[in-house]
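Each value in this text was obtained by applying a stated rule to the coordinates, not by laboratory testing. This structure is a prediction, so every number in the text was calculated from the model and none was measured. Heads up, the Cβs are rebuilt from the backbone with ideal geometry, glycines too, and the neighbour counts pull from every protein chain shown.
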Amino acid sequence: MNKFGLCLVFVWLLCSFFSSICWANDGASSPVGFWPANGAKEVCVDVLPKLTFDAPPVVGEKGRILICRAKDDKVVDQIVLEDPPINEWDPGVPVGCTTKFNIIGKVPGATRARIVNYDPVLLDGNTVIIAPHNNRLQYNTEYYLLIEPGVLTGTIEGQPFEGITAKGEWGFKTKRRAPRGTTFQVNADGTADFCTVQGAIDAIPVMNKTPYTIEIAAGVYPEMLYIADRYHVTLRGEDRETTIIRYKNYDRLNSGSGEGTPTPISDFTRPRRGGRSVLLVQSANGLVLENLTIENTHGPKNQAETICLQGGPTDRYIAKYCNFLSYQDTIQANARAWFYQCLISGDVDFIWGTGTTVLFEECELRVQRSNCYIVQARTPQADNKGFVFLHCDITVGGDYSGITLARSGGKSHYYDNVAYIKCRMGDYITDLGWFRSPLPNPRVASATSGWKEYQSMDFEGNPIDLHYRFEEGSYQLTDEEYETYYKDRQTIFGDWNPQP
């Protein structure tokens, strides 16, 4: 081949290279600090676009962010900064009245979806994360973003950011097709099947008969989740300390425990409360959470749950080797559940709910303030086990004292069924152990109902002086009662013996 032929080959290779990273939309180069890069291909349909500035930018009070379909310039999603969140849930307002509503879990076949106020523009240090509304993008489709001037103020590589105002400045093409099989991979960097955990959840067929596994790579996932009417699903993190699902949600933003709004959902639907948890679970028998952290970043100000488990009599949930981090109301369990070797961190009533039997086995309960209460049980029936702590450690996250094992919700139609079995604790737990105002139901506890303990000890294994515990409302189990009701998880659950 002569030199002219070699030059043609070289030019053809260069063109092929550049055509692989830029599609025909004016051929704009990829700006520094933009992810995904301009012209990127095989982008997740649940992508959270990011811009990285030289320093933390300022988010404006007005302006729009648009996502448009490239072939016809149709706006498929928009965020309007001046739109307010909605706090008047009763009787409620139409879904379409604000872009600060997000609908989680609205997919074909779903009978309900979680509707919440959310923050569509998140700051993480110098990086802005744009969170489109869920399920707005389709596979094998080209899109571009527009950001009006003033939405974000700052510099990128020393140049003032003046928005994205032209079609060719920031665009991408989504993956050609949805993943197949029953195991989905999630990675926030875009190298897996999905960028978000909810994206993978939504890919599981509603009312599935086959188990599914979602493998989540190490990283931070800033999202609220909803799992409903999916069965035997496992969410498995790469590492419990570095696989983090995190969001700032709280009662004043999304009040109540939360439930799904029936579908179909239109702009005129008046939504039910989406709830204050990061993860809301409804009717998801067989759900397993493993090797991950769920954190509510709201802080010690308001009810702010990490997880709310809703389920019927046959639903069974498992969490093992997980961290649940918040303050008030960290875990709400309204179904049978088993927590194994988990860390639960919080301050006021940070474990509570109406679950018939909820077992925490070999867990750490880390208290984050003085003069607070660990558990508030609202057990439906007198003979339900309620909340049981087996071989758990009660620790503190600071120089705290005046901590009690539980307090009553003061509800005559619920029972305060809580049992601490062979648990270790320090002198930050009060001598009385239980907070007796109001008095619990039943006032006279027994081996099968009310507040009870068995062989509570310090961290050296020495028995704790419990003579103050014998006041009204609490009970010390005998060896025989321990063997009969509480010696292991099989005995506690009766018809269920989950395994690590």
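The GluC sites (Glu not before Pro) of segment 384-471 meeting both criteria, a DSSP state outside H, G, I, E and B (loop) and at most 15 other C-beta atoms within 10 angstrom of the site's C-beta, are 460, 471. Using the Cα centre of the chain as origin and beta-carbon charges of +1 (Lys, Arg) and -1 (Asp, Glu), tell me which of 170, 377, 32 is placed farthest towards the positive end of the dipole. Going by the Cα projections, it comes out as 170. Segment residue 443..residue 427, full-extension length gain: 3.2 nm, with 0.36 nm per residue of separation and the alpha-carbon distance subtracted.
The packing ranking, built from the mean of other Cβ atoms within 10 Å per residue, places the peptides 208-218, 229-239 in the order 229-239, 208-218, highest first. Under the shape rule built on the C-alpha gyration tensor, where the axes satisfy a ≥ b ≥ c, segment 34-82 is oblate, since a/c reaches at least 1.5 while a/b does not exceed b/c. Taking +1 at the Cβ of each Lys and Arg and -1 at the Cβ of each Asp and Glu, which of 277, 324, 287 sits farthest along the dipole of segment 253-327 towards its positive end, judged by Cα position relative to the Cα centre? Value computed over the given set: 277.
Computed from the C-beta positions of residue 476 and residue 208 and an R0 of 45 Å, the FRET efficiency is 0.45 to the nearest 0.05. The shape of segment 251-348 comes out oblate: with a ≥ b ≥ c from the C-alpha gyration tensor, a/c is at least 1.5 while a/b does not beat b/c. The angle between the Cα long axis of helix 3-21 and the main principal axis of the chain comes to about 40°, on a 0 to 90 degree scale. When only the Cβ of Lys, Arg, Asp and Glu is charged (+1, +1, -1, -1), the dipole of segment 417-500 relative to its Cα centre reaches about 300 debye. The packing ranking of peptides 105-115, 151-161, highest mean first, is 105-115, 151-161, where packing means the average number of other beta carbon atoms within 10 angstrom of each residue.
At full extension, residue 138 and residue 111 could sit 7.6 nm farther apart than now, given 0.36 nm per residue minus the alpha carbon distance. Under 16 Å from a label point set 7 Å out along the Cα-to-Cβ vector of residue 54, the amide N atoms of segment 132-166 belong to 153-163. Here segment 183-493 is assigned +1 on the Cβ of each Lys and Arg and -1 on the Cβ of each Asp and Glu. Its dipole about the Cα centre then comes out at about 1020 debye. The sum of -39500 (n - 2.57) across all DSSP H runs of n ≥ 4, divided by the residue count of the chain, sets its helix-only mean residue ellipticity at 222 nm to -2000 deg cm²/dmol. Mind running the shape call on segment 21-174? Use the C-alpha gyration tensor, a ≥ b ≥ c as the square roots of the eigenvalues: rounded below 1.5 for a/c, prolate if a/b tops b/c, oblate otherwise. It is oblate, given that a/c is not under 1.5 and a/b is not larger than b/c. Among 299, 194, 344, whose Cα sits farthest toward the positive end of the charge dipole of the chain (+1 at Cβ of Lys/Arg, -1 at Cβ of Asp/Glu, about the Cα centre)? Checking the options against the dipole of the chain, the answer is 194. Within the chain, DSSP assigns beta bridges of which about 30% are antiparallel (rounded to the nearest 5). Where in segment 153-167 is the amide nitrogen less than 20 Å from a point lying 7 Å along the Cα-to-Cβ axis of residue 82? Zone members listed by number: 153, 163-165. From a point 7 Å beyond the Cα of residue 220 in the direction of its Cβ, which residues of segment 242-279 have a backbone N at a distance under 14 Å? Residues 242-248 qualify, since their backbone N sits under 14 Å from the label point. Quick check: net charge around residue 62, other residues with Cβ under 12 Å of its Cβ, Lys/Arg +1 and Asp/Glu -1? Taking every other residue near residue 62 into account, the sum is -3.
Charge dipole (Cα centre; +1 on Lys/Arg Cβ, -1 on Asp/Glu Cβ; no other charges) of segment 114-210 amounts to roughly 740 debye.
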